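Here is the structure we will look at.
The values are calculated or read from the model by the stated rules, or taken from the named source; none is laboratory data. Just so it is clear, the structure is predicted and the values come from calculations on it, not from any experiment. For neighbour counting, all protein chains shown are included, and Cβ atoms are generated from backbone atoms with ideal geometry for every residue, glycine included. Calculation scope for accessible area: heavy atoms of the full protein, side chains included, ligands and nucleic acids excluded. Shrake-Rupley method; radii C 1.70, N 1.55, O 1.52, S 1.80 Å.
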Amino acid sequence: MSEIALDHIHFPHSHLLGIEGLSQDVISLLLDRAESFVEHNRQTDNKLSSLSGRTIINLFFEDSTRTRTSFELAGKQLGGNVINMSVATSSVKKGETLIDTAMTLNAMHPDVLVVRHNDSGAVQLLSEKVNCAVINAGDGRHEHPTQALLDALTIRRRKGRIAGLLVAICGDIAHSRVARSNIHLLNTMGAEVRLIAPKTLIPSGIEGMGVQVFNDMNEGLKDCDIVMMLRLQTERMRGGFFPSIREYFHFFGLDYDKLANAREDALIMHPGPMNRGVEIASEVADDIGRSAIREQVEMGVAVRMACLELLTLSAPKGDGS
Amino acid sequence: MSRVAYINARLLDPASGLDCYGALLSEGETVIDFGPDAVAPEDAEIIDCKGLCLIPGLVDIRVQLREPGDEHKGTLGSDGRSATAGGVTSMVCLPNTKPVIDDMSVLEFVARRARKLGLAKVYPYGAVTKGLEGEELAEIGLLSESGALAFTDGIKAVSDARIMRRALSYASNFGHMIIQHPEDPSLSKGGVMNSGETATRLGLSGIPREAEIIMVERDIRLSEMTGGRLHFAHISTGEAINVIRKAKARGVNITCDTAPPYFALNETAVGEYRTFAKLSPPLRDDEDRLAVIEGLKDGAIDAIASDHAPQDEESKRLPFAQAAFGGVGLETLLAITLELYHNDYLDLLSTLRLITCAPAELLGLKAGRLEKGSAADLTLIDPDRGWKIDGRNLLSISRNSPFDGHPVQGMVFRTVVDGRTVFELET
């Protein structure tokens with residue numbers, strides 16, 4: 001495949017910190033661009049060079065294998081130099097490390113910083129201190145924009161559209177940045193969003209983000225086109241949000257019985273890593289006909305290529321001034 | 001003794017309702033005469049007020065000082081200068097210094113250092129519990145003898161009902177009240193801003209309004225049970241005000257104050273993770289803000305205090321969840337409070353009352369009023385003069401103002417403590 005022409009494309013943001021605030025056009029632009037990489041990535045000889053000479057630093061303050069690897073591969077596919085930095089987070093002086101690390105890395109003149117941090121807003125704070133493009137790879141429970149984009153691309157390829165679909169996001173909404181980014185994206189693109197979770201995992205005031213809340217799986221899944229399961233983030237849970245895993249799975253784990261309420265062709269999604277037998281039954285997760293979970297991972301690389309490319313090429317090469 | 005005559009002044013005294021043009025005379029540390037007919041003696045130093053308002057020096061009953069212990073955030077000198085620049089002549093400080101003011105020696109240290117500096121007068125509160133740990137009563141009687149005006153665990157609630165009951169009961173032996181930071185820590189735990197849609201959108205843990213309401217309700221019961229006098233600091237929710245209003249109506253011995261952020265700002269000030277707007281209690285929604293104004297109007301809320309909480313850049317330039325709570329307020333107390341007047345919620349004297357004689361009366365302080373024979377603690381202001389709050393120009397070491405960038409009206413031209421000018425606006 002030849003290099004894709006970029007001349008007429010304008011990306012109006014200098015960072016990708018979240019989905020909130022992105023227009024339908026910008027989201028479509030990113031998805032279209034990502035779409036064009038999908039087929040290309042499936043070929044054997046698939047190196048591109050649009051990011052050659054550019055440096056991408058993956059700065060992860062929180063453990064991640066999947067997202068980091070996905071960004072790394074995306075950067076390399078485009079011919080960029082990718083450096084991975086995992087910053088051990090001492091519990092006491094995290095913030096100092098954040099700003100100090102940002103300043104240090106900034107002095108190395110990277111083109112893109114891909115940042116994950118366990119505090120909401122930390123990536124934005126960092127973006128204010130550096131003069132390169134910043135991509136949010138997940139901040140606390142705030143946003144995870146590339147996950148929402150890859151989910152959207154998966155949906156669009158499978159269903160041919162996003163507008164008008166009925167999407168249920170189920171599980172640990174309270175601690176989920178994936179849920180928040182998806183709510184913004186799906187609403188912007190014209191889908192209808194339902195949230196299904198026990199009341200203890202529904203954060204207050206979330207109806208104001210344009211969603212319908214259900215506390216019963218069977219009721220909430222009725223006629224849904226897409227069922228997005230979330231990982232139960234036990235590491236972020238302080239105190240009892242529900243009595244036991246057994247009880248949680250009984251009422252909120254996705255199995256075939258509950259799934260029967262959704263449309264027959266409903267697509268099952270999960271951002272990974274899955275807790276099998278906790279939020280999703282293994283046989284449902286592995287159902288090739290209905291589960292798009294593996295495809296989501298593939299779309300992840302394409303979407304991140306699009307984000308890296310558009311952010312890098314729409315900005316002038318920074319001279320670190 | 002040196003005499004000073006402040007002439008051509010508009011004399012405003014909220015305590016007596018005086019509002020007239022005239023002069024005020026002081027001799028040494030004391031006011032000796034004032035009024036339309038007061039005449040300057042020949043040997044007096046003349047200060048021409050040029051028609052500006054001469055009011056009693058402001059009394060701020062909730063200030064956190066960082067000396068001793070955190071001098072990099074603020075010293076008695078820097079916050080003293082901040083106070084006088086804000087027209088504050090008396091301030092009452094919380095015991096959350098390091099070491100804690102749960103011991104007479106620390107109380108006396110703070111009082112002595114402040115006296116030596118000769119800026120705004122500093123009156124310390126004593127701790128309710130040793131080390132502010134909420135477990136054992138501090139030496140309330142001895143602290144009271146050394147000059148503690150009242151007792152509080154500062155920015156921490158006395159959360160154990162049994163300790164609170166005993167504190168109310170014991171402090172009343174000495175005629176002192178307990179000041180509660182009303183926030184149930186088991187409900188507010190981990191929270192960093194007001195619970196609701198904004199917090200959810202930003203992915204921040206919320207502090208529900210009920211954390212305040214429940215603590216207010218509980219403590220009112222304990223006050224009734226013990227007869228102990230109780231004061232709630234920085235009330236921020238409409239429902240807590242309703243509860244207080246009802247309790248006052250049935251004669252419970254309680255009072256409360258609020259701070260400027262709670263009637264001048266709401267949670268949208270947090271915007272995109274502005275840590276200067278991270279306060280404790282958190283900024284609430286606009287309905288609560290309006291309820292606070294209503295409470296100030298009908299007297300459910302007795303006074304306004306700045307809730308001055310200096311935090312250095314290192315404690316604020318952090319991800320929101322990790323950043324420290326609090327904002328500086330001494331230099332903006334007057335101007336933000338005057339918004340109540342400029343927005344037609346209260347007349348000028350009623351507005352000034354909330355930051356002069358009203359807070360002084362709560363603590364039995366002889367301050368906050370113009371009176372012959374009392375200390376010449378005075379502030380010369382133009383209530384209408386506009387300016388823009390700019391953190392960089394604040395005199396405190398810490399510049400964490402939640403009002404940074406706000407245009408306001410009400411400027412301090414001169415501050416006088418015990419007859420000495422301790423601040424004069426450079427013109």
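When the pairs B:K316/B:K388; B:K50/B:K316; B:K73/B:K372; B:K98/B:K189 are compared against a 31 Å limit on Cα-Cα distance, B:K50/B:K316; B:K73/B:K372 fall above it. For the stretch B:367-427 versus the stretch A:270-313, the inter-centroid distance based on Cα atoms is 60 Å. Of the Cα atoms belonging to the stretch B:206-276, the radius of gyration and Dmax stand at 14.1, 45 Å.
Averaged per residue, what accessible area in Å² does the stretch A:47-86 show with a 1.4 Å probe, protein chains only? Present the calculation step by step, with values, prior to reporting the outcome.
Numbers: 1690 Å² over 40 residues.
Ligands and nucleic acids excluded, the figure is 42 Å² per residue.
Accessible surface for the stretch B:275-427, divided over its residues, is 37 Å² per residue with a 1.4 Å probe.
The contact residues of the stretch A:148-197, meaning those that lose at least 10 Å² of 1.4 Å-probe accessible area when all protein chains sit together rather than their chain alone, are A:R180, A:H184.
Most simply put, the stretch B:1-118 has about 60% antiparallel DSSP beta bridges, counting only bridges with both residues inside it. Taking a quarter of the surface of the convex hull around the Cα atoms of chain B, what do you get in nm²? Computed as one quarter of the Cα hull surface, the answer is 18.8 nm².
In the stretch B:282-337, what percent of the accessible surface is made up of carbon and sulfur (1.4 Å probe, ligands and nucleic acids excluded)? Don't jump to the answer; show the numbers that get you there.
Details: 660 of 1500 Å².
Using a 1.4 Å probe with all protein chains present, the stretch B:282-337 comes out at 44 percent carbon and sulfur.
Per residue, the average separation of C-alpha pairs within less than 8 Å and at least 6 apart gives the stretch B:229-367 a relative contact order of 24 percent.
Taking only the Cα atoms of the protein assembly as shown, the radius of gyration and Dmax are 30.3, 102 Å.
Surface composition of the stretch B:112-154: carbon and sulfur atoms hold 44% of the protein heavy-atom accessible area at a 1.4 Å probe. Interface B-A: total buried accessible area of about 1700 Å², 1.4 Å probe, protein heavy atoms only. Legend: residues in the stretch B:299-321 shielded by at least 30 square angstrom of accessible surface upon adding the remaining protein chains to the isolated chain (1.4 Å probe, heavy atoms) are B:R317, B:L318, B:P319.
Report, for the stretch B:117-269, the % of DSSP beta bridges that are antiparallel, rounded to 5.
Antiparallel: roughly 10 percent of the beta bridges in the stretch B:117-269.
For the stretch B:156-229, the average shadow cast by the Cα convex hull is 4.8 nm², which is a quarter of the hull's surface. Which log10 I(q)/I(0) values does the stretch B:27-138 give at q = 0.12, 0.14, 0.15 Å⁻¹ under the Debye formula, counting every alpha carbon as one identical point scatterer? Scattering profile of the stretch B:27-138, log10 relative to I(0): -0.54, -0.67, -0.73.
Add +1 for every Lys or Arg and -1 for every Asp or Glu among the other residues with Cβ under 10 Å from the Cβ of A:F11, and state the total.
Working: positive: A:R33; negative: A:E309.
Spelling it out: positives minus negatives among the neighbours equals 0.
Which GluC sites (Glu not before Pro) does the stretch B:211-244 hold that lie in a coil by DSSP with at most 13 other beta carbons within 10 Å? Mind showing how you got there, number by number?
Numbers: sites: B:E212, B:E217, B:E224, B:E239; in loops: none.
Of the GluC sites (Glu not before Pro), not one in the loops of the stretch B:211-244 has a Cβ with at most 13 other Cβ atoms within 10 Å.
The accessible-area loss of the stretch B:183-225 on complex formation, taken against its chain alone with a 1.4 Å probe, reaches 50 Å² or more at B:E197, B:T200, B:R201, B:G203. Distances between placed amide hydrogens fall under 5 Å for B:R414 paired with B:L380, B:L425, all partners being 5 or more residues away or on another chain. Loop-located GluC sites (Glu not before Pro) in the stretch B:244-320 (DSSP state other than H, G, I, E, B) with a sparse environment of at most 13 neighbouring Cβ atoms within 10 Å: B:E272.
Would you work out the relative contact order for chain B, in percent, from Cα pairs under 8 angstrom that are 6 or more residues apart? Intermediate results must be reported in sequence, preceding the final value.
On the way: 1083 pairs, mean separation 82.4, N = 427.
That works out to 19 percent.
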